[in-house]
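The values are calculated or read from the model by the stated rules, or taken from the named source; none is laboratory data. Note that this is a predicted model, so its numbers are computed, not measured. Reconstructed Cβ throughout: ideal geometry from the backbone, glycine too, with neighbour counts over all protein chains shown. Surface accessibility is based on the protein's heavy atoms, side chains included, excluding ligands, DNA and RNA. Shrake-Rupley method; radii C 1.70, N 1.55, O 1.52, S 1.80 Å.
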Amino acid sequence: MSPADPPPHQKGRRRPALRWTVNGVLLVALAAGIFGLLPRLGGLTRDAAGLRHARPGFLVAAVVAQALSLGSYAQLYRRVLAALGARIRFRLAADVILATFFVSHLTPFGSATGTLVNASALEAEGIPAATTGEAIALTSLTSTVALIVLFGTGFVATAGRHVSHEYLVIAGVAIFGVAAVLAVVFALGAHPAVAGRAGRWAASVARHVRPSIDPAKVGQTSSRLASLARTALTGRTFAVSFGFASGDLLFDLLSLDLVFLALRYQPGFGPLAVAYAAANIASAIPLTPGGLGVIEVTLVAITVGFGAPRATAVLAVLGYRIANFWLPLIPGAIAYIRLRLRRTANSKTKPATAQSGAPAT
């Protein structure tokens, strides 16, 4: 190592800072593109004057609905953890969800980073990382079921309504694909041995890209997760979990509807449910953090296809995304810092406890 090279530990500190800086710049650039370009495409430069009479009370209610949505998701996660034998307080569950939201929505492909934050926070509370991973998977599964039910309900509600056929085709294909995947997941969940073989096969394929993957371990994990899904998400437990998952989606959908109402337009439950479900399915592909750009374009396209004025749709979707994406980053950052401080305090307390309990020599 030359004298000009920094020590390895300084390099290690620089890399995370550089990565966060690059991610932050990319996020700001993406947001500027969306909030700058989409209004021009929507014709807001001409029509915004007619939308200046927005009702602020509905906008405040939209923010409150977002808070209730996040609270419902925290309760869903807490309920699934309890079904796996790990009970936590609501405050901790809310902090974990908000911190995960903050990290995963600030970085491209941030779901993996958010999962690490989630696992680390709960591991400090004595919950194994494996249990956290299982809870995350089962929570996502329950939420996906609720999303498909919401789409189906919205699709039925639009029966007989004059709509653009192409938007319904796009939405229908997206949901059909997810429903097919979900059917496969349920089929594997009914037979843990089959799930284990499927997991080993998938890991063998993935091993060509990432050699560190162990197919045998992945197969065991798949079998265990299938067994857990059968025991943890059945009967009353599933009904309660499904209720919280539905509450999360419905409050989020209500927030979108309230922003439209603030602009004195009511799309109706059916069109909004179809647009909302399709947008969330499209954002499942992790091209951008939190579906930024994907959700906005999909929501505008489908609501306009159902007859909403383009300028109103663009402004409503952008307002909704401020409440849905940007505002929760503030409590998310606070929760992230609080969890880091909590973990630091726990790590200092444990060695002190171990020393005080050590036998004298």
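Run the numbers on region 92-148 and let me know its relative contact order in percent, using alpha-carbon pairs under 8 Å that are six or more apart. All intermediate terms of the calculation are to be shown ahead of the outcome.
Working: 32 pairs, mean separation 13.0, N = 57.
Computed over region 92-148, the figure is 23 percent.
Between Glu125 and any residue 5 or more places off or on another chain, the built amide H atoms are never under 5 Å apart. Here the simple spin-label model places points 7 Å from the Cα toward Cβ, and for Ile322 and Ser120 these points are separated by 3.3 nm. Share of region 242-325's accessible area from carbon and sulfur, percent, 1.4 Å? About 72 percent, which is the carbon plus sulfur part of the accessible surface.
Once the C-beta distance of Phe90 and Phe269 is scaled by a Förster radius of 51 Å, the resulting FRET efficiency is 0.95 to the nearest 0.05.
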